[in-house]
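Peer 1: First the structure, which I've put down as structure tokens, then a few questions once you've had a look.
Read-outs: derived from the displayed coordinates by stated rules, not from any lab. Since we're looking at a predicted model, the values are computed, not measured. Here the Cβ positions follow ideal geometry from the backbone for every residue, glycine too, while neighbour counts run over all protein chains shown.
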Ligand code: AHR
């Protein structure tokens, strides 16, 4: 067996961890909202109908920010339908998912939920069937204190204080032919610039996210980003990235190596944004918002056009995640951390039921899927500055990416509190011996190790067995003069924490 080597040095700082990368996403889709986070009458529902069991799990997951209300849903949504007296709200056909939207849950219910969950709200505006005026008015409703029609309407609806939403998405996946009101890159770039300008006239302090490509496989990928940024560079702060990794359409090894694809995707968007920066002779750098990412068994998905209109919240893409999926999710988080200098917002899609870490049964329990655990632990432990690591590891062969290292890792250094945490995966199917070199730190005192792996990489959690797969605390590697040796099991994710003398 070839031994891998991992060297970590505090000098190789990338950037501070931005807590916004631990975001999630709540869309009016399937059972994410209805019977997910919101279920009046459920035994665990609070007086507002919010499921307290799901709120507890959201806090435990360590979610920092939540994008709302879509997704494809937002491109046909009228935000006014979801505010004011519930009994007066209209039933509408949701064009994205062909489901009846009762509007029993809307903007103010979401803000109430976000406050209780302790998360920052990230709002998306409809640039599919609507435009500049409605987007600006929504900012006015959310962020102005009083004295204008929209702000006073919010107050009339019982919310005296502004919601003060900082982060706004200018539409959703506007390059996608499936998107209601999809546009060409030029059309979207102009619209995003003008909508952003108007929204900033209402509140100059908001941050704006332009839609990047729906995924890196889109025919217009990168050309889309170049064109829209040429039109909207001065108005926006972020460009979005969306990517889902599909075990049904990739060979097993390529799926396990999904983070290789995410690394390339991020690097390509950074290069494209910086090309536009050079061309326009600007100093500002555009940041990246990976505001939809996850594992999604897309091969099992039925297109909305092929389904009858749903009266009840339909069970849409309720994927059951395996141990392998959890390792892939842990690896995608490693990739995100590695790019902390440019990628500062991330939203795992979605939070509850719909390709989600949290699953619920209507009227029944809520439980943690396998993918819950690497997210929760990374969010809990990744405080401080990301460090670039030097890693050499045996190769694994993949159909899509060729030979890639079987191991991947990143480190986060919290000098203030004296912590060094290494996040490590073995995405291969064989154990790999690893030599760890931490000599550059000096005086490492203690360590703990939390590991997610299983003899059955296909094991899943369920309502009947919610804790079939859980992370386990294992004996940490023994340090000898700043060096350690460990055997990294196949298909495994690890957080290794070392304590250092805290800096004075
Ligand atoms: O998260 C599910 C859907 O995937 C979103 O609505 C859309 O933005 C993406 O294509």
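Peer 1: In nanometres, what is the gap between the two model label sites at residue 207 and residue 91, each 7 Å from Cα along Cα-to-Cβ?
Peer 2: Simple spin-label model gives 4.1 nm for this pair.
Peer 1: Can you give the angle from 0 to 90° between the axis of helix 223-232 and the longest principal axis of the chain, with both taken from C-alpha atoms, to the nearest 10?
Peer 2: Long axis of 223-232 versus the principal axis of the chain: about 60 degrees.
Peer 1: Using Cα atoms only, what is the angle between the long axis of helix 107-117 and the major principal axis of the chain, expressed in degrees (0 to 90) to the nearest 10?
Peer 2: 30
Peer 1: Gap in Å between the Cα centre of the range 332-377 and the Cα centre of the range 455-497?
Peer 2: Centre-to-centre distance over Cα atoms comes out at 18 Å.
Peer 1: Give the separation of the Cα centroids, the range 289-304 to the range 184-209, in Å.
Peer 2: 27
Peer 1: Got the relative contact order for the range 18-381 handy, in percent, Cα pairs under 8 Å and 6 or more residues apart? Don't jump to the answer; show the numbers that get you there.
Peer 2: Working: 765 pairs, mean separation 81.8, N = 364.
For the range 18-381, the relative contact order is 22 percent.
Peer 1: Determine the gain in length on full extension of the stretch residue 56-residue 166; use 0.36 nm per residue of separation and subtract their C-alpha separation, reporting nm with one decimal.
Peer 2: Working: separation 110, 0.36 × 110 = 39.60 nm, distance 2.44 nm.
37.2 nm is the gain from fully extending residue 56 to residue 166.
Peer 1: How high is the relative contact order of the range 272-419, in percent, counting Cα pairs under 8 Å that sit 6 or more residues apart?
Peer 2: Once divided by the residue count of the range 272-419, the mean separation gives 22 percent.
Peer 1: Here's a follow-up. Only helical DSSP H runs with n ≥ 4 go in: add -39500 (n - 2.57) per run for the chain, normalise by residue count and round the 222 nm mean residue ellipticity to 500 deg cm²/dmol. Spell out each step's value before the answer.
Peer 2: Numbers: 10 runs with 123 residues, N = 504.
So the helix-based figure for the chain works out to -7500 deg cm²/dmol.
Peer 1: Further question: Of all DSSP beta bridges located in the chain, what percent are antiparallel, nearest 5?
Peer 2: Working: 55 of 93 bridges.
About 60 percent, rounded to the nearest 5.
Peer 1: Measure off 7 Å from each Cα along the Cα-to-Cβ vector at residue 390 and residue 279, then give the distance between these two points in nanometres to one decimal.
Peer 2: Distance between label points: 3.8 nm.
Peer 1: Now for a separate question. 7 Å from Cα along Cα→Cβ at both residue 383 and residue 3: what's the point-to-point distance in nm?
Peer 2: The two pseudo-label positions are separated by 3.5 nm.
Peer 1: OK, next. How far, in nm, would the chain grow between residue 448 and residue 480 when pulled straight, counting 0.36 nm per residue and subtracting the alpha carbon separation?
Peer 2: 10.0 nm
Peer 1: Which FRET efficiency value, to the nearest 0.05, do you get for residue 315 and residue 220 by plugging their Cβ-Cβ distance into 1/(1 + (r/R0)^6) with R0 = 30 Å?
Peer 2: After rounding to 0.05, the efficiency reads 0.40.
Peer 1: Counting other beta carbons within 10 Å of each residue's own, what order do 256, 249, 19 fall into, fewest first?
Peer 2: 249, 19, 256
Peer 1: A further question on this structure: Starting from 0.36 nm per residue, how many nanometres of slack lie between residue 12 and residue 459 once their C-alpha separation is accounted for?
Peer 2: Length difference between fully extended and current span is 157.2 nm.
Peer 1: In whole angstrom, note down how far apart the Cα centers of the range 62-94 and the range 96-169 are.
Peer 2: What the calculation gives is 8 Å, centre to centre.
Peer 1: Something else now. Can you give the FRET efficiency for residue 157 and residue 133, using 1/(1 + (r/R0)^6), R0 = 22 Å, r = Cβ-Cβ distance, to the nearest 0.05?
Peer 2: That gives a FRET efficiency of 0.65.
Peer 1: Take the alpha carbon gyration tensor of the chain, find the square roots of its eigenvalues, order them as a ≥ b ≥ c, and report rounded if a/c is under 1.5; if not, report prolate when a/b exceeds b/c, else oblate.
Peer 2: Numbers: a/c = 1.68, a/b = 1.45, b/c = 1.16.
Because a/c hits 1.5 or more and a/b exceeds b/c, the chain counts as prolate.
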